[in-house]
Amino acid sequence: MASSGRVLHKSERPPSSVRSKVPISNSRRSVTPTSRTRPQPLDTDPESERVRVAVRLRPRNSEELLDADYSDCVELQPELKRLNLRKNNWSSESFKFDEVLSESASQKRVYEVVAKPVVESVLDGYNGTIMAYGQTGTGKTYTLGSVGKDDASERGIMIRALEDIITNASVSDTVEISYLQLYMEAVQDLLAPEKINIPIVEDAKIGEVSVPGAAIIKITNLDHFLQLLQIGETNRHAANTKMNTESSRSHAILMVYIRRSAHEKEEIDVSYQGNDSTTNRHGHHLPTIRKSKLLIVDLAGSERINKSGSEGHLLEEAKCINLSLTSLGKCINALAEHSPHIPTRDSKLTRLLRDSFGGSARTSLIVTIGPSSRNYAETTSTIMFGQRAMKVVNTVKLKEEFDYESLCRTLENQVDHLNAEIDRQQKLREKDNNEIEKKLKEFQKSSAEAEKSLVVRTEFLEKENTQLKSDTKGLVKELDSLKEQNSMLLNEITRVQTSLKNSKFLEKENTRLELMLNDVLKDLNSQKDHNDFMHSEVARLEMNLKNSKQLENSTYQKLLADTTQMYEKKIADLMKQLENECARSDNAEEQLERMKKRLSDADKSLQMENAGYQRALAETTRMYEERIAELNQQLEDEHAHFDGVEEQLHSTEKLLNDNQNAVKIYEEKEILELRMRLEEMHEAAVHELQQLNMEYKNLQLEKEGLSDELHTMRQNLQVEEKRRKQAENELLNIKKIVPESEDAIEVKKPYMQEISKGSSAFHNEQGLQVPSQSRDSITGGHKSTIAKICEEVGIPKILSLLTSRDVDVQIHAVKVVANLAAEVLIADINQEKIVQEGGLDALLALLESSQNPTALRVASGAIANLAMNEMNQSLITSKGGAQLLANIASKTDDPQTLRMVAGAIANLCGNEKLHVMLKEDGAIKALLGMARTGNADVVAQVARGLANFAKCESRRIIQGYWRGRSLLIEDGALSWLVANGNTTSTSTRRHIELAICHLAQNEDNAKYFVSSGGFKELIEISNSSTRDDIRSLAKKTIRLSPSFQTVMRAE
């Protein structure tokens, strides 16, 4: 029969409004200029604002399949979206959900009905949350975070959601993620493990919750996200419990930040809203963006201690998990009942999920349940959580902002562009100036050279001119001399002409003379003829005279001789005068010819010289005129170019001034806006400062009060110091009250119960009888006794007794310290006090100096308890505690002491940062050496330590922090594991199998596995291990190892 009180009918759906503190209308525009709520489409389902809840049933696991008493308590009706929960054969309850997913539902189906609507909403600009809630071991992590390496269909919601987001994101969109875990009420970064206890910040104005200290990584593609997801899963805290071998011990939160530009058509939709449009007062378009956030929350499973078997540190983790889930349930109840107060500050989980329930996010919750009736109570609680969550209504808001960052980047780009343009213009101007200066220098240089050459040329021309002048003067002088010579020649010519005239006269005279000579000759011839006649006459007369008288002949001869001599003399004179006249005439002709020739040569040379000088002067003048014209033209061109460059420079300066004015105006506007913002911030800061001053005054008053209290405490401490000596006497009296049985000492783990195992020996030493009481009554009485001791004596006094010279006092003090460190509820507080008061140093000193076996055994147990804390582990190792424990293991054969020492070293092996130090201090060798005793409890602690060491080492290898063969291989741990793989103890065998599987994950260990028989043992584990998870781990290790695959193919 279905109970009507448990079924959520359609008529009983919660109203669309939320509690009075949340705005109801979504269509009204927000008054905030940077964020506004967009009106929803008319066809939007009004239930879309309600938290949507789906339920998923886990298939039966191997233990349930083997359980002969197994029975189902869940019946699904997916088509009706109903679930029937059977309490027994005659009583059942029916519940309705938004989606009901059977055990056969695929991961794709789960994503499409649960997560895809939220992802699409996030892509549209709304915040969204996808959360998994349920009992531990029901498949929450598989549903959300399954990687699906071997089969892509096994991928969970995280990968599918990111795949859709990356596919639909454009180039301008940005997708960033943060991956956090909430562990022990401390926010830690899974992508940056060094960041622990990150604060949560809430914006007082808009109520937005953020984690600013977390690393935010931009996602480039799906492979990048898979790599980051694997790193985060590796860093997440997990442990092996009875309910689940890899039980998550923290809440994991994947935060996906999406930043997208708003589409133009959507910008048009909001343009009707008047002044609040996407344009500023100058009419310029302001880009808008949509910022949305997707939370994918993998909650740690709720568990019951009696079923999970959590003890010690695991118990503390379970308490923190259950407390945070309880706080979340209280918030859901308050929201479902519209309570005026929502206790979101009770837990960091509820603070982080403040926007997911009752906020502005679109939330989808998937609750996972198991089918077994053994978990009926847990299944009922999970279903009721989902039913209450369906009553929570969120006000979904579209977060759309003006993209001031993009606008700022655009303006910055414009400013940069303008600055670059200005720089370019300046560089061009500088370049032009440099070129102008260079050309000006070249021009000046060429002008100087031209001027210099002109000066030189001018000097040369002046010299030439001077030379020409001197030559001209010489020529003038020569011309003058030539003129004089010409004058002389003219005179000579005149004279010659005169002489010619005279010669003509002479010629005439000569002609006359010739005529006269001819006449004379004729006369002479005639005279000669006459003479001849006379001779003949004379001869004849002689002949006649020969016959005349002798006297007449001589007188006649003498007269003839005188006459002949006279005529001959006269003829000789005339001939000589004629010859002189002829010679004179010849000389005058020769001199005339010579003068004519000389005159013509002088004229020709004078004409040639004058023509050459005139031609050289004309050419030189023409050349200088052309050179001067070219220089003038070049100078005019340079002036014109310089004028053009000046004009360009003026225009550039004008443009630069305009740009500077525009930038200045823009900067003034920006400065004005920033000044207004700064004034607002200043007012807020002043208000905050006033509040801080008030708080400071209050703190001052508190400080004064604390000072008085401190003074009082100091006086009390002085009084207590005087009572210190009485403490030993009191403790001796207390010894009589405290049961001597070591059964009364509590420890965190079964392997820490040393005193109960060694009680008989201690009784034999003391000679006391154990009272016939039950163990629970003894333990309860002992707890009250220990609490009474702490209240009356105090931890500092108890620790001071560790250095007492009385061995019995030391032993009882160590017992008390061991029990204080093992207190379940306040163990961390007690351990912190013990370490701060020097208790750890005292215990280590006791290990080093004491020779009492009981003291060593109990001190080792106390250190094992302290070693459960990670900070204490580092302190123990740094102070040489591991080496001291190794020394004790080598000196004693007592099984109980060895079990305590092995447990302490096993706890230290769970800290991967200490592995190298443990190896160097000989702790690993000592751990293996203790196993040779054959004691089952000691062997169990050795196996647990090796399992812890191997698991941490495999995690470091996956993270890339370690390479090379395992440190355990070097000390022969693998051989011991192989030899003891068939031990009868179930717990020991489980630890050995885990250690072998984790060691096999290191590829560098493969050859040692093959040679030592470890590979055969690994195959045996994969086939016959009693644990499904260990078999799966072994098979996966074999499948992923290339070396193992090669060996199997060879066989």
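Where a ≥ b ≥ c are the square roots of the eigenvalues of the C-alpha gyration tensor, would you call the stretch 320-361 rounded, which needs a/c under 1.5, or, failing that, prolate if a/b is larger than b/c, or oblate?
oblate
Mind giving me the nanometre distance, one decimal, between the label points for M1048 and A845, set 7 Å out from Cα along Cα→Cβ?
Here the answer is 5.8 nm between the modelled labels.
Just to confirm my numbers, what's the Cα centroid distance between the stretch 414-465 and the stretch 937-952 in Å?
Value for the Cα centre distance between the two parts: 88 Å.
Length gain on complete extension for the stretch N632 to I166, per 0.36 nm per residue less the alpha carbon to alpha carbon distance?
160.5 nm
Show me 441-453, 247-259, 1018-1030, 672-684 ranked by packing, highest mean number of other Cβ atoms within 10 Å first.
With the highest mean Cβ count within 10 Å placed first, the list reads 247-259, 1018-1030, 441-453, 672-684.
At 7 Å along Cα-to-Cβ for each site, give me the label-to-label distance between R109 and L65 in nm.
Result for the modelled spin labels: 2.0 nm.
Anything over 27 Å Cα to Cα? Flag those among K348/K391; K319/K1035; K445/K469; K925/K1036, in the order listed.
The pairs that break the limit, which is 27 Å between Cα atoms, are K319/K1035; K445/K469; K925/K1036.
I'd like the FRET efficiency for K570 and E484, computed as 1/(1 + (r/R0)^6) with the beta carbon distance as r and R0 of 45 Å, rounded to 0.05.
Efficiency at R0 = 45 Å is approximately 0.40.
If the limit is 25 Å between Cα atoms, which of K108/K149; K293/K913; K291/K664; K438/K664 go over it?
Long pairs (Cα-Cα over 25 Å): K293/K913; K291/K664; K438/K664.
DSSP beta bridges in the stretch 55-210, what fraction antiparallel, as a percent rounded to 5?
90 percent
Suppose R0 equals 41 Å; then what is the FRET efficiency for N465 and D416 from their Cβ-Cβ distance, rounded to the nearest 0.05?
The formula returns an efficiency of 0.05 here.
Need one word for the stretch 168-245: rounded, prolate or oblate. Basis is the Cα gyration tensor (sqrt eigenvalues a ≥ b ≥ c); a/c below 1.5 gives rounded, then a/b vs b/c decides.
Judged from the Cα gyration tensor, the stretch 168-245 comes out oblate (a/c at least 1.5, b/c at or above a/b).
Please compute the length gained on full extension between A618 and L222, using 0.36 nm multiplied by the number of residues separating them and subtracting their Cα-Cα distance.
133.4 nm
Starting from the Cα of E647, step 7 Å along the direction of its Cβ; do the same at K452; then give the gap between the two resulting points in nm.
Result for the modelled spin labels: 3.5 nm.
Which FRET efficiency, nearest 0.05, do Y666 and Q690 yield, Cβ-Cβ r, R0 45 Å?
On the way: r = 36 Å, r/R0 = 0.80.
E between Y666 and Q690, to the nearest 0.05, is 0.80.
How big is the charge dipole of the stretch 324-438 about its Cα centre, in debye rounded to the nearest 20, if each Lys and Arg gets +1 on its Cβ and each Asp and Glu gets -1 on its Cβ?
Charge dipole, the stretch 324-438, about its Cα centre: 1000 debye, nearest 20.
What shape does the stretch 396-457 have by the C-alpha gyration tensor, where a ≥ b ≥ c are the square roots of the eigenvalues, rounded means a/c under 1.5, and otherwise prolate means a/b greater than b/c and oblate the rest?
Since a/c reaches 1.5 and a/b is larger than b/c, the shape of the stretch 396-457 is classed as prolate.
Laboratory data are not the source of any read-out in this text; all were calculated from the coordinates shown. Note that the structure is a prediction, hence the values are computed from the model and not measured. We place every Cβ from the backbone using ideal geometry, glycine too, and count neighbours over all the protein chains shown.
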